[in-house]
1. Given the residues A:Phe232, A:Phe164, which is the only one that is over 18 Å from B:Leu183 (Cα atoms) and either part of a loop (DSSP other than H, G, I, E, B) or within 14 Å of chain B (Cβ to nearest Cβ) (or both)?
2. Can you name the residue in segment B:163-190 that is more than 29 Å from the chain's Cα centre (by Cα) and not in a helix (DSSP H, G or I) and is also farthest from the other protein chains (Cβ to nearest Cβ) among such residues?
3. Answer yes or no: is there a residue in segment B:99-107 that is closer than 17 Å to B:Pro236 by Cα and either at pLDDT 90 or above or not in a helix (DSSP H, G or I) (or both).
4. For segment A:274-291, does any single residue satisfy the condition of being under 15 Å from A:Gln347 (Cβ atoms) and in contact with a Leu (Cβ under 9 Å, 6 or more places away or on another chain)?
5. Does A:Thr56 qualify as being assigned by TED's automatic domain parsing to the domain that holds A:Asp168 and under 23 Å from the mean Cα position of the chain (by Cα)?
6. Given the criterion in contact (Cβ under 8 Å) with a residue 40 or more places away in the chain, of a type in the set (Val, Ile, Thr) and within 14 Å of another protein chain (Cβ to nearest Cβ), identify the matching residue among B:Val199, B:Val154, B:Val194.
7. Could you give every pair whose Cβ atoms fall below 6 Å, whose first residue belongs to segment A:1-16 and is touching a residue at least 24 places away in the same chain (Cβ under 8 Å) and surrounded by 14 or more Cβ atoms within 10 Å (Cβ to Cβ), and whose second residue is assigned to a loop (DSSP other than H, G, I, E, B) and hydroxyl-bearing (Ser, Thr, Tyr), counting only separations of at least 6 or pairs across chains?
Amino acid sequence: MTIDVVGVTKRFKTFTALDHVNLTIHSGELVALLGPSGSGKTTLLRIIAGLEWPDTGEVRFDGEDALARSVRERNVGFVFQHYALFRHMNVFENVAFGLRVRRGADKLPEAAIREKVNELLSLVQIDWLAERYPAQLSGGQRQRVALARALAISPKVLLLDEPFGALDAKVRKELRRWLRHLHEELPVTSVLVTHDQEEALELADRVVVMGHGKIEQVGSPAEVYDNPATAFVHDFIGETIALPGEVRGGALYFGTHALGLDPQGVADGPARILARPHDVDLADPGTTPFAGKVLAVRTFGPTRRADVELTSTGGPVVVEAAVPHGQTLLPGTQVGLLPRRYKVFSQPTR
Amino acid sequence: MSASPSRIAFRQKSVIPGFGLTMGLTLTWLGLIVLLPLSALFIKTSELTFDRFIAIVTATRTLHALQVSFGLALVAALVNVVFGAIVVWVLVRYEFPFKKVVDALIDIPFALPTAVAGIALTALYAENGWVGSLLAPLGIQVSFTPLGIVVALVFIGLPFVVRTVQPVLADLDQELEEAAASLGASRPQTLVKVVLPSVWPALLTGFALAFARAVGEYGSVIFIAGNLPGVSEIAPLLIVIRLEEFRYADATAIATVMLVASFLLLLIINRLQRWAELRGSRNA
């Protein structure tokens with residue numbers, strides 16, 4: 001099912017959670033809404049589900065107005081961050097809930113319910129837990145119950161709110177792969193909310209990066225990583241080295257020193273030169289656009305980082321640079337920084 | 001671990017010290033405040049011969065009074081559970097002007113002298129009172145009938161239900177209801193299948209408290225009841241009457257029966273509540 005979000009705005013008192021958001025999710029896609037907390041991603045998911053109504057704008061399922069329908073009638077599977085399992089029901093009854101509440105012509109006979117629930121429980125690989133109660137399950141098992149329960153109503157749209165947020169790292173990785181697999185098996189369009197970029201990049205067909213109630217960029221995981229559309233996306237996804245600069249007369253300067261870097265069409269004014277740590281080489285101080293004093297070198301696992309202090313007219317700026325293997329760097333020495341691949345964004349004046 | 005096993009049972013190494021001191025204080029306190037008066041009651045009752053005891057508690061007047069007290073307390077507690085639950089729902093789930101005032105009003109039956117409540121209710125529901133004058137043409141008489149007793153008991157019992165259920169409903173995760181709705185459940189289905197099972201133990205506790213309070217209530221009831229022996233005479237009043245007649249042993253005999261009956265009923269409700277709680281969290 002194709003989902004169209006058109007011009008959706010949502011305010012909570014004075015806080016604008018969503019600001020004229022437009023988004024099209026294609027049928028059968030797995031899309032991740034990625035952003036820091038407060039970026040509006042969960043609000044957008046809840047509006048698609050029908051748990052929240054926008055102040056203005058439209059939501060369409062396959063071209064039909066979805067806002068005219070309540071959450072009951074939208075037939076979307078929703079997996080809550082904290083699972084929201086019914087404590088007084090065992091696993092079987094939790095999953096059967098969506099089938100048991102059907103009335104009238106949709107009402108299923110008991111045998112059909114049992115068959116469907118058992119099928120779902122084996123699909124999520126917890127058929128042996130059918131008689132247990134939620135309090136007796138581990139986090140990963142609860143997650144699977146929540147998913148099976150959401151799938152019981154045969155939804156065309158599956159919405160997941162931070163589905164792995166409450167799990168430990170190992171279980172999270174395992175469930176992530178399994179969810180991707182499940183999505184491919186089922187005729188379902190999935191939207192996933194997460195603040196974990198690794199999760200979004202690994203799992204999703206397309207990533208929607210959100211910040212401050214707006215969509216910053218929509219693209220494949222490779223696109224948003226390699227070609228961030230805004231400084232926000234560059235900062236938020238992957239690691240970033242931020243070098244200060246200024247565009248004057250179509251050239252980049254650091255203080256009074258011309259950098260000899262491409263301003264990439266950014267208008268005159270303060271700018272930020274953003275690069276991935278592995279795209280910045282350390283070189284002889286005299287030959288590079290940036291040079292500074294090494295303050296400290298730190299090692300975590302396979303990577304080493306150096307704090308380099310760049311002196312400028314506006315006071316010292318400390319940046320963190322990656323130290324390649326086989327290169328030694330001593331605190332107190334001068335080092336040059338040469339960005340090989342970089343993006344220039346104008347710095348908004350605050 | 002050099003301590004003998006019998007010592008370990010009472011004094012385990014714990015991060016919460018002071019078990020001996022607090023337990024001792026608890027037992028002393030309970031003994032002084034609760035058990036001492038109760039045992040005096042039993043000792044006084046034991047002055048009677050067994051036959052005399054049976055004769056007193058099976059006298060028609062006594063049986064009627066007990067029936068009125070327990071029966072109407074049960075009715076009042078049931079009414080309070082239903083309407084108290086609605087009051088809680090409104091207080092927890094909706095925002096409206098003067099909500100704080102309404103919330104504070106709930107506690108008034110706690111604080112008001114029961115005699116004042118009784119007199120006020122009697123005046124209201126008497127045939128020439130504000131409410132009574134409206135009901136009289138319909139042939140409904142409240143003051144000086146068992147119905148009046150129920151009204152008084154409902155009044156004094158309401159806060160017990162509201163204050164026990166309120167925090168539980170407030171803590172109930174609204175995601176549960178959202179989940180039910182997203183699975184296609186209607187509001188009534190969500191209430192019956194999801195909300196009620198979660199607040200059920202609290203409702204039972206509220207019921208037990210309102211019931212216990214209603215069984216022992218005296219002040220407000222004697223004004224509105226009419227106190228007709230065999231019709232609207234409550235057991236606590238009968239006890240007072242016996243005391244005024246200097247028939248102390250008779251009074252304590254009735255009190256003993258009330259005590260034992262209340263204890264048994266509360267025990268049953270307590271078991272019910274435990275069962276509902278267990279069913280709610282985890283089941284074997």
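The values are calculated or read from the model by the stated rules, or taken from the named source; none is laboratory data. The model shown is predicted, which means the values in this text are computed figures rather than measured ones. Every residue, glycine among them, receives a Cβ derived from its backbone with ideal geometry; neighbour counts consider all protein chains shown.
1. Step by step, each of A:Phe232, A:Phe164 is checked, and only A:Phe164 is over 18 Å from B:Leu183 (Cα atoms) and either part of a loop (DSSP other than H, G, I, E, B) or within 14 Å of chain B (Cβ to nearest Cβ) (or both).
2. B:Ser186
3. No, there is no match, as no residue in segment B:99-107 is closer than 17 Å to B:Pro236 by Cα and either at pLDDT 90 or above or not in a helix (DSSP H, G or I) (or both).
4. Looking for residues that are under 15 Å from A:Gln347 (Cβ atoms) and in contact with a Leu (Cβ under 9 Å, 6 or more places away or on another chain), one finds at least one in segment A:274-291, hence yes.
5. Considered against the rule, which asks whether it is assigned by TED's automatic domain parsing to the domain that holds A:Asp168 and under 23 Å from the mean Cα position of the chain (by Cα), A:Thr56 comes out as no.
6. From the options B:Val199, B:Val154, B:Val194, the qualifying one is B:Val199.
7. A:Met1/A:Ser27; A:Thr2/A:Ser27
Table: residues versus (1) out of contact with any helix residue (DSSP H, G or I) (no Cβ under 7 Å at 6 or more places or on another chain); (2) more than 22 Å from A:Val71 (Cβ to Cβ).
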residue	(1), (2)
A:Thr14	yes, yes
A:Gly28	yes, yes
A:Leu34	no, yes
A:Ser37	yes, yes
A:Ala49	no, no
